[in-house]
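The values are calculated or read from the model by the stated rules, or taken from the named source; none is laboratory data. This is a predicted model, so every value here is computed, not measured. Cβ coordinates were reconstructed from backbone atoms using ideal geometry, including for glycine residues, and neighbour counts include every protein chain displayed.
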Amino acid sequence: MTIRKQWPAITWALFILIVTGIPGNQVPRIPAFLEWLSPDKLVHVVIFGILSYFMLYGYRLQYLKSKHRSYIVFNVVLISATYGMITELLQYYMFVGRSGNVFDFYANAIGAVAGGVAYFLQHTKNKV
């Protein structure tokens, strides 16, 4: 596999890093009905779901040839969720005006799983 096949995932990962690094006072605050179920969590689910999906798209040839597709999906989901954890740690320790949140990490991980499951279900019949 070449990096060229992963350009959508790499571009999306850079986008996530840039967006999560924007100072907190620059991001509009969305009022939440419950902090852990805020609309912000849906954004986390979506962006990390897209990341997992794009990563699996980059591995599509290996995915189609493999008899262990669930292993590939598991690894991609693990990488995507780990990246979600890293962005939360960066927000907590490094990015100015941002704060990492364990519930945001949970939403990132749920999104990573959702993207992996969506790809897996969409491509169970050897189609790309």
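Residue-by-condition table, conditions (1) on the phi > 0 side of the Ramachandran plot; (2) over 16 Å from the mean Cα position of the chain (by Cα); (3) part of a helix (DSSP H, G or I):
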{"position": "Ser52", "(1), (2), (3)": "no, no, yes"}
{"position": "Leu64", "(1), (2), (3)": "no, yes, yes"}
{"position": "Val73", "(1), (2), (3)": "no, no, yes"}
{"position": "Thr82", "(1), (2), (3)": "no, no, yes"}
{"position": "Glu88", "(1), (2), (3)": "no, no, yes"}
{"position": "Val96", "(1), (2), (3)": "no, yes, no"}
{"position": "Gly100", "(1), (2), (3)": "no, no, no"}
{"position": "Asn108", "(1), (2), (3)": "no, no, yes"}
{"position": "Leu121", "(1), (2), (3)": "no, yes, yes"}
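If you check Tyr57 against the conditions, is it surrounded by fewer than 19 Cβ atoms within 10 Å (Cβ to Cβ) and under 13 Å from the mean Cα position of the chain (by Cα)? Talk me through it step by step, then tell me what you get.
Values: surrounded by fewer than 19 Cβ atoms within 10 Å (Cβ to Cβ): yes; under 13 Å from the mean Cα position of the chain (by Cα): no.
Against the criterion (surrounded by fewer than 19 Cβ atoms within 10 Å (Cβ to Cβ) and under 13 Å from the mean Cα position of the chain (by Cα)), Tyr57 does not qualify.
List pairs: first in the stretch 61-75 and surrounded by fewer than 14 Cβ atoms within 10 Å (Cβ to Cβ), second of a type in the set (Lys, Arg), Cβ under 9 Å, 6+ apart or cross-chain?
From residues that are surrounded by fewer than 14 Cβ atoms within 10 Å (Cβ to Cβ), the pairs are Leu61/Lys5; Leu64/Lys127.
Can you spot a residue in the stretch 97-112 that is of a type outside the set (Phe, Trp, Tyr), under 21 Å from Tyr71 (Cα atoms) and surrounded by fewer than 19 Cβ atoms within 10 Å (Cβ to Cβ)?
The answer is yes; a qualifying residue exists.
Being loosely packed, with under 12 Cβ neighbours inside 10 Å and either part of a helix (DSSP H, G or I) or modelled with pLDDT of 80 or more (or both) is the filter here, so list the residues in the stretch 30-50 that pass it. Full working, then the answer.
The first filter runs over the stretch 30-50 and keeps only residues loosely packed, with under 12 Cβ neighbours inside 10 Å, leaving 30-31, 33-35, 39.
Scanning the stretch 30-50 gives Glu35, Pro39.
For the stretch 76-87, enumerate the residues that are in contact (Cβ under 8 Å) with a residue 60 or more places away in the chain and in contact with a Ser or Thr (Cβ under 8 Å, 6 or more places away or on another chain).
Thr87
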